[in-house]
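Trainee: Have a look at this one.
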Amino acid sequence: MPHRRFNPLTREWVLVSPHRALRPWLGKHEEHPTANQPQYDPNCYLCPGNERAGGNRNPPYTSTFVFDNDYPALLPDAPVIEVEESSLIVGCSERGICRVVCFSPRHDLTISRMSELEVLQVVNVWAEQSESLAAIPWVGYVQIFENRGELMGASNPHPHCQVWAASTVPDVPAKEQASFLEYRDKHHSCLLCDYLCLELKHQERIVCENESFVALVPFWAVWPFETMVLGKRHAAQLSELSSSERVQLADIVRRVSIRYDNVFEAPFPYSMGFHEKPAQSESGSAWHLHAHYFPPLLRSSSVRKFMVGFELLGNPQRDITPESAAARLREVADVHYLDR
Ligand SMILES: [Zn+2]
Ligand SMILES: [Zn+2]
Ligand SMILES: [Zn+2]
C-alpha cells in the first residue's frame, strides 16, 4: 500500500508506492556506461604528471594526491557583504576552501576496484583533510563528497572526491544537528545509536557489516538504492576513529561500492559523502558520524530516477521499497564482478 515514511535526521517525509514498480516503463534510459578506461590518460587533468587547466602540473604521485581546486566554488578571502531588505531579500558572502583528493594514480580504478590498503590511504586522507580544515577558526563545516559517474555530473572518470570547507553550516547538516540535539534532550541518548540498535534487531534493511561499521538502506531512503554507513561506536568525526576503525571503514566503503557495481554488473553512479559534526560546534558530542550514498539508478544500469513533479513540489517518492533494495544489495557478492 502507498504510505509515507519519516526521516528523523532531516524531519522530511518520503512517499513510498511499491505497487508502481510494476509499471512497464520507469525513468530515463541512459547509454550503458563503459567500464573500460586506460590506466593513464594523457588528457586527464588528474593523472600524475599531467598539466591542469590554469597551468599547474600534477606531481608524479604514487598513492593519493590533494590539491586546491583550480575552479573553486568558494574562495577563502571573499569580502564580507550582507544584504537585507525587509527580511525578504537576504544574502551574505560565504568564505570557503575547495580541494580535490585523487584516490589513486590509476585513471581506471574506482574504490570498488582498489585494494583494502589503497582505500585505507583514502580514509586517512579524508580524516586528515577534515581535521585540518575544521581547525581553521572561520570554518564552520567540512563536507567531503564524491560524485561518481557521468550521471552524477562527474566530469572526469579518474577516481577522486572533493572537500569543501565553508564558513557556515550548510542546510542538511544544520537540520541533522538540530535533530541530534533535540533527540538527546528528549531521550538522553543518541538518535543514530538508537536507530542502529533497531535496525540490527530487524536486520531486513542491513546490507553488510563488520566489527565497527554497518551499511544499511535507511527506513526513510529516497533514492532507489540509497544507503547509509554508520559506526557502531558513537563518534562525531573521522579524526576520532582509531586505526583499526579506519581499517574497518575502508572495508565497508569498499564493500558497499563493490555491491553497487554488482547490482547491474556495471559501474554504479552515486553521490556519497560524510556527515561529521559542525567544525566549531560546542554540542558536537550529540553528533554521530555517518556517510550517505545517493545513487540515481532504478531498475537497470540504463534507467535512472529523476526528482520531478510531486517530488520537486511536494516531497520525494519511491517505488521499490527500502526493504527490497536492501535484499537486492545483500544478495549480490562482496567480490567485484570484474575480479571474479
Ligand atoms: Zn586520470
Ligand atoms: Zn551515536
Ligand atoms: Zn546525514
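Trainee: Viscosity 1.306 mPa s, temperature 10 °C: Stokes-Einstein D of the range 178-323 from its Kirkwood Cα radius, in µm² per second?
Mentor: 97 µm²/s
Trainee: So if I place +1 on the C-beta of Lys and Arg and -1 on the C-beta of Asp and Glu, and nothing else carries charge, what would the dipole magnitude of the chain be about its Cα centre? I want it in debye, nearest 20.
Mentor: That gives a dipole near 980 debye.
Trainee: Another question about this same structure. Given the peptides 128-134, 250-256, 76-82, arrange them by the average over their residues of other C-beta atoms within 10 Å, most packed first.
Mentor: 250-256, 128-134, 76-82
Trainee: Quick one, can you get me the convex hull of the C-alpha atoms of the range 95-242 expressed as volume per residue in Å³?
Mentor: It comes to 148 Å³ per residue, whole-number rounded.
Trainee: So what's the range 1-155 giving for Rg/Rh, alpha carbon basis, Kirkwood Rh from the mean inverse pair distance?
Mentor: 1.06
Trainee: Points 7 angstrom from Cα along the Cβ direction at L313 and D68: gap in nanometres?
Mentor: About 4.5 nm, to one decimal.
Trainee: Quote to one decimal, in nm, the extra length available between V83 and H234 on full extension: 0.36 nm per residue of separation minus the C-alpha distance between them.
Mentor: Taking 0.36 nm per residue and subtracting the Cα distance, the gain is 50.4 nm.
Trainee: Are there cysteines in the chain with no second cysteine's Cβ under 4.7 Å away, and if so, which?
Mentor: Those would be C92, C98, C102, C161, C197, C208, since no other cysteine Cβ in the chain comes under 4.7 Å of theirs.
Trainee: Another question, then. Based on the alpha-carbon gyration tensor of the chain and its eigenvalue square roots a ≥ b ≥ c, which shape applies: rounded if a/c is under 1.5, prolate if not and a/b is larger than b/c, or oblate?
Mentor: The shape class here is rounded.
Trainee: Same structure again: Quick check on the range 214-270: what does the Kirkwood estimate of hydrodynamic radius come out to from the alpha carbon pairs, in Å?
Mentor: 12.7 Å
Trainee: Let me ask something additional. Simple spin-label model, 7 Å along Cα-to-Cβ: D185 to Y337 in nm?
Mentor: Rounded to a tenth, the inter-label distance reads 4.9 nm.
Trainee: Which of H107, S86, P72 sits closest to the plus end of the dipole of the range 67-113, meaning its Cα is farthest towards the positive end, when Lys and Arg get +1 and Asp and Glu get -1 on the C-beta?
Mentor: Positive-end residue among those listed: H107.
Trainee: Shifting gears a bit: Hey, can you rank 86-93, 50-57, 97-104 by average C-beta count inside 10 Å, highest first?
Mentor: Highest to lowest by the protection proxy: 97-104, 50-57, 86-93.
Trainee: What shape does the range 258-340 have by the C-alpha gyration tensor, where a ≥ b ≥ c are the square roots of the eigenvalues, rounded means a/c under 1.5, and otherwise prolate means a/b greater than b/c and oblate the rest?
Mentor: Here the range 258-340 falls in the oblate category.
Since every read-out is calculated from the coordinates, none of them should be taken as a lab result. As the structure is a prediction and not an experimental result, all values here were calculated from the model. Neighbour counts run over all protein chains shown; Cβ positions are idealised from the backbone, glycine included.
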